[in-house]
Amino acid sequence: MEQTIEIRVQKNRNATDTRSLPFGKVPTEHMFIAEYKNGQWQNAAVTPFHDLTMSPMALCLHYGQTVFEGMKAFRMKDGQANIFRMQKHYERFIKSLRRMVMPDVPQELFMSAIQELVKVDRDWIPSDADGSLYIRPFMIATEGRIGVKVSDEYLFMVICTPAYQYYSNPLKVKVETHFSRAADGGTGAAKCGGNYGGAFYPTGLAREQGFDQVLWTDAKTHHLIEESGTMNAMFCIDGTLITPPLSGSILDGVTRDSLLALAADNGIKTEQRPISVDELMEAFAAGKWVEAFGAGTAAVIAPIAGIAVYDKMYDCYLGEDAVMYRLKNWLYDIRTGAAPDKHNWNHII
Ligand SMILES: *Cc1c(COP(=O)(O)O)cnc(C)c1O
């Protein structure tokens, strides 16, 4: 049989009309890459986006020493580029690396890698109100060695992709009472690749049952809410913003942290405390105002329309006056320079 061979033509892609692209599908024109070898960081460079060559024996391909971050750059009202909460993302990256026994990336290297990359690809930051540049710093173990061990060699890279509104419709979620995303003493508080691979199967089952995502519960009792898909779970019950406290099985979300601060700034009561499935059901049964949403960099706020607990579906409040939409707007105003950045979250380049 005759085979047709497609010839790839490399051309400069331009940054216009990225809206029609699915999220995360197309990288910007450049990337950052640095190597860790012989105990040293070296060969740091911003280069055209390119594929990698590595040994099939590279440790990351076998034993999961991979860590990533997810952050965003925004276009401000005056046209400047703003990288949001770099410092907090850096600190979390270091925590994740240490949990996976990977070497620290010096702060200076992390910050300048991101700054330099965003500078060369700044035209890729959408100017639409719902647009931003998603930035993905990550690190992988590259030593070629099949024996189970901690790698001696790594690559630290940063890639970017334009991003727009993430979920179009409010989500229908299911309280997960069998599978777990993370357990006490595990790696749930680290942004490491394995956590996500392990979540695909239960999430796929939930999709087959007609849900968009699972609402994860604690691995021991399955009574306490932990996270919503790959986002932090937040609730607003009768005007109080409630989210589970940070623990070994909950990721310390930058969006979660920002929303808690903004709520407090605006006189909204906040509580970081365990919230059980029973408490939720009682709140619904008592006819309380219950808002539920996922909070994360990619979606910012993903409103939840309904929560299935065991076999019963409960509807959440989605009205235009919902607290979650006010929180989202306050955050947006800071990121775009429409409101003062009193917490020093913006990093303008
Ligand atoms: C990244 C992530 C979040 C959200 O963190 P942000 O810093 O707000 O993006 C929440 N949960 C999990 C499991 C995550 O991986």
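We did not get these values from a lab; they are worked out from the coordinates using the rules stated. As the structure is a computational prediction, the values presented were derived from the model and not from experiment. With ideal geometry, Cβ positions are generated from the backbone for all residues, glycine too; neighbour counts draw on all protein chains shown.
Distance cut-off 25 Å, Cα to Cα: go down the list Lys77/Lys172; Lys269/Lys328; Lys220/Lys269; Lys25/Lys220 and report the pairs above it. The pairs that break the limit, which is 25 Å between Cα atoms, are Lys77/Lys172; Lys220/Lys269; Lys25/Lys220. Longest segment of the chain with no GluC sites (Glu not before Pro) in a DSSP loop having at most 11 other Cβ atoms within 10 Å? It works out to 7-319. Distance from a point 7 Å along Cα→Cβ of Ile146 to each backbone N in segment 40-55: keep the residues under 17 Å and list them by number. Under cut-off, by backbone N: 55. Rounded to the nearest whole Hz, the Karplus-based 3J(HN,Hα) values (6.51 cos²θ - 1.76 cosθ + 1.60, θ = phi - 60°) of segment 84-93 follow the sequence 8, 6, 4, 4, 5, 5, 4, 4, 5, 4, with x at glycine and proline. Shape analysis of the chain places it in the prolate category; the axes a ≥ b ≥ c from the Cα gyration tensor give an a/c of at least 1.5, with a/b above b/c. If you find the alpha carbon centre of segment 79-130 and of segment 268-314, how far apart are they in angstrom? For segment 79-130 versus segment 268-314, the Cα centre distance is 31 Å.
Rounded to the nearest 10 degrees, the angle from helix 323-335 to the longest Cα principal axis of the chain is 30 degrees.
Residues of segment 245-270 with the amide nitrogen closer than 17 Å to a label point 7 Å from the Cα of Asp238, along Cα-to-Cβ, please. So the set is 268-270. On full extension, the segment bounded by Asn329 and Asn266 gains 21.5 nm, given 0.36 nm per residue less the C-alpha separation. How would you classify segment 171-336 from its alpha-carbon gyration tensor, with a ≥ b ≥ c the square roots of the eigenvalues: rounded for a/c under 1.5, else prolate if a/b is greater than b/c, otherwise oblate? Oblate is the answer for segment 171-336, as a/c is 1.5 or above yet b/c matches or exceeds a/b. Here the gap between Phe200 and Asp130, fully extended at 0.36 nm per residue and compared with their Cα-Cα distance, gives a gain of 22.5 nm.
The aspartates and glutamates whose alpha-carbon is closer than 18 Å to the alpha-carbon of Lys88, local same-chain residues fewer than 8 away aside, are Glu69, Asp104, Glu108, Asp252, Asp257, Asp341. The modelled label-to-label distance for the pair Ala45/Gln165, using points 7 Å beyond Cα in the direction of Cβ, is 4.2 nm.
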